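The structure under discussion appears below in the form of structure tokens.
The values are calculated or read from the model by the stated rules, or taken from the named source; none is laboratory data. None of the values given here were measured: they were computed from a predicted structure. Neighbour counts run over all protein chains shown; Cβ positions are idealised from the backbone, glycine included.
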Amino acid sequence: MPITSHTPLTPYENYNISLFVEVKKFKAIIQLLKNGYIMQEIRFHGRGGQGTVVASILLAKAFFSAGYYVQSFPLFGVERRGAPVEAYLRLDKKKILIRSNVYTPDHIIVQDANLIQNVDVTKGLKPEGWILINAAGSPESPDAFSGFRLALVDATHIALENNLGTRTQPIINTAMIGAFARIMGEPSMEMIAGAIKEDISIQPEKNIRASEEAYASVNLYGKVD
């Protein structure tokens, strides 16, 4: 008997349909894995006044130029200079439909190493995810990053050398996104520079130079055992 919209499905038919849907989903996931098109989520940690939200926007625009769909948004909270700030970035090769906060990031960017003492920056971070920290030297307790991959860049020194911000409040965000581009292998520095030129009207060339210096000098320590 042909099935019409008014004909109830038997349990067997329901099972077959559910199985068919699950198989289709599985095949789609496998294809995404083969193509390397799994969505990436990045969480930024910084303090008010460090340009944390701007960093997420600049990186989003650079990845967009590289052919990605992107989402960039901040976590709204206490908005005062020096207060902890979070921002998020999603990127994928297909349209991004999710609209929630980022709870299990693939990678994190820490613009102020002192935050590590008071904020659980690794919360939800996926195993072997990259942790990029603005720091002049190795962290005091590397065991806190066990199971993750660690990268350090002295973005503060780079910013000061390029006269970005002040000695007490250096502008480090462009250096941080340059270092992150080196970690990920993309976007290209040309796209980073394009995003900086588009969004930063004050000293764009110095900001581009800072991103390039961070790209060249970031230390990739790899997985912490």
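Brief remarks on what is shown
- Summed over region 95-120, the residues that are more than 13 Å from the chain's Cα centre (by Cα), within 22 Å of Leu75 (Cβ to Cβ) and either in a loop (DSSP other than H, G, I, E, B) or not assigned by TED's automatic domain parsing to the domain that holds Thr174 (or both) give a count of 9.
- For region 187-225, a residue qualifies if it is touching a Lys or Arg at 6+ places or on another chain (Cβ under 8 Å), over 29 Å from Gly137 (Cβ atoms) and surrounded by fewer than 17 Cβ atoms within 10 Å (Cβ to Cβ), and the qualifying residues are Glu198, Asp199, Pro204.
Quick grid of which residues meet (1) of a type outside the set (A, V, I, L, M); (2) in the same structural domain as Asp199 (by TED's automatic domain parsing); (3) within 15 Å of the chain's Cα centre (by Cα); (4) crowded, with 18+ Cβ neighbours inside 10 Å:
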{"residue": "Tyr88", "(1), (2), (3), (4)": "yes, yes, yes, yes"}
{"residue": "Glu128", "(1), (2), (3), (4)": "yes, yes, yes, no"}
{"residue": "Ala136", "(1), (2), (3), (4)": "no, yes, no, no"}
{"residue": "Gly147", "(1), (2), (3), (4)": "yes, yes, no, no"}
{"residue": "Asp154", "(1), (2), (3), (4)": "yes, yes, no, yes"}
{"residue": "Gly165", "(1), (2), (3), (4)": "yes, yes, no, yes"}
{"residue": "Pro170", "(1), (2), (3), (4)": "yes, yes, no, yes"}
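- Summed over region 85-122, the residues that are over 22 Å from Ile172 (Cβ atoms), out of contact with any strand residue (DSSP E or B) (no Cβ under 9 Å at 6 or more places or on another chain) and either at pLDDT 90 or above or of a type in the set (Phe, Trp, Tyr) (or both) give a count of 1.
- Top-ranked residue of region 201-225 - restricted to ones that are outside any helix (DSSP H, G or I) and β-branched (Val, Ile, Thr), ranked as farthest from the chain's Cα centre (by Cα): Ile202
- Taking every residue in region 133-147 that is under 19 Å from Ile109 (Cβ atoms) and pairing it with any residue that is exposed (fewer than 12 other Cβ atoms within 10 Å of the Cβ), at least 6 positions away or on another chain, the pairs with Cβ-Cβ distances below 6 Å are Gly147/Pro127.
- The C-beta contact set for region 190-219 (first residue under 19 Å from Asp154 (Cα atoms), second residue basic (Lys, Arg) and at pLDDT 95 or above, distance under 7 angstrom, 6+ apart or interchain) comprises Tyr215/Arg182; Val218/Arg182.
- The listed residues are Gly82, Gly67, Gly51, and the only one of them that is at positive phi and modelled with pLDDT of 95 or more turns out to be Gly67.
- Of the helices (runs of 4 or more DSSP H) contained entirely in region 128-200, those carrying at least 1 residues that are farther than 19 Å from Phe44 by Cβ fall at 155-161, 189-199.
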